[in-house]
Structure formats: structure tokens, C-alpha cells
Amino acid sequence: MLDKKKTGNILGVVSLLPIIISIIIFYIERGPNADIDFVVTIYLGLSMVGILFAVFSCLMTKRFFLLMISLIGNGAVLVVAFLLRLAIGIGEP
């Protein structure tokens, strides 16, 4: 069975994966035919999951380095999703 520290380290690394997946989706879904609603939904879901994994990782290991990197990265993805949602709202009459 995994101990608490090892599980926390795994969750810390997994909390960085939503950032990488969001970057990949950004390069795949671009151009005039991109479905912005789909992209915003994926960004919101991935950033929330990444933030939850980072918090659980910090609670298990008490390491703040992975927490800060993950919170900053997933927070940036969340801000991009918010700005995209704002642009959708402004662009539609």
C-alpha cells in the first residue's frame, strides 16, 4: 500500500498534467472553426481538477513547491478560460 508522502508526490506531479493538456488543446483547437464553448469547458474542468490535486498533494506532503507551480499554472488556465468566456459574451449580441 502506498504511504501518504508517496501518494502526495504522485498527486503533485499529476496536478501539473492539466496544464500540459490545456496547452495541447490550445494548439489543437485553434482557428476560425474552433469550438470556443468546448475549449472553455475543458479549460475550466482541467484547471479545477489540477487545483484540487495540488491542494490534496500539499495536505499529504506539506511541500509547497509543487503547490505553488500547480496553483500558478492552473490559475493561469482558469484566467484564460474566464477571458474567453468574457469575449464570447461581448462578441454575441
Suppose we keep only residues that are of a type in the set (Ser, Thr, Tyr) and touching a Gly at 6+ places or on another chain (Cβ under 7 Å) within region 38-93. Which one would you say is nearest to Ile28 (Cα to Cα)?
Ser70
Within region 58-78, does at least one residue satisfy the condition of being among the aromatic types (Phe, Trp, Tyr) and in contact with a helix residue (DSSP H, G or I) (Cβ under 8 Å, 6 or more places away or on another chain)?
yes
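All of the numbers you see were taken from the coordinates with simple rules; none came from a lab. Predicted, not measured: the structure shown is a model, and the values here were computed from it. As a convention, Cβ positions derive from the backbone with ideal geometry for all residues, glycine included, and neighbour counts pool all protein chains shown.
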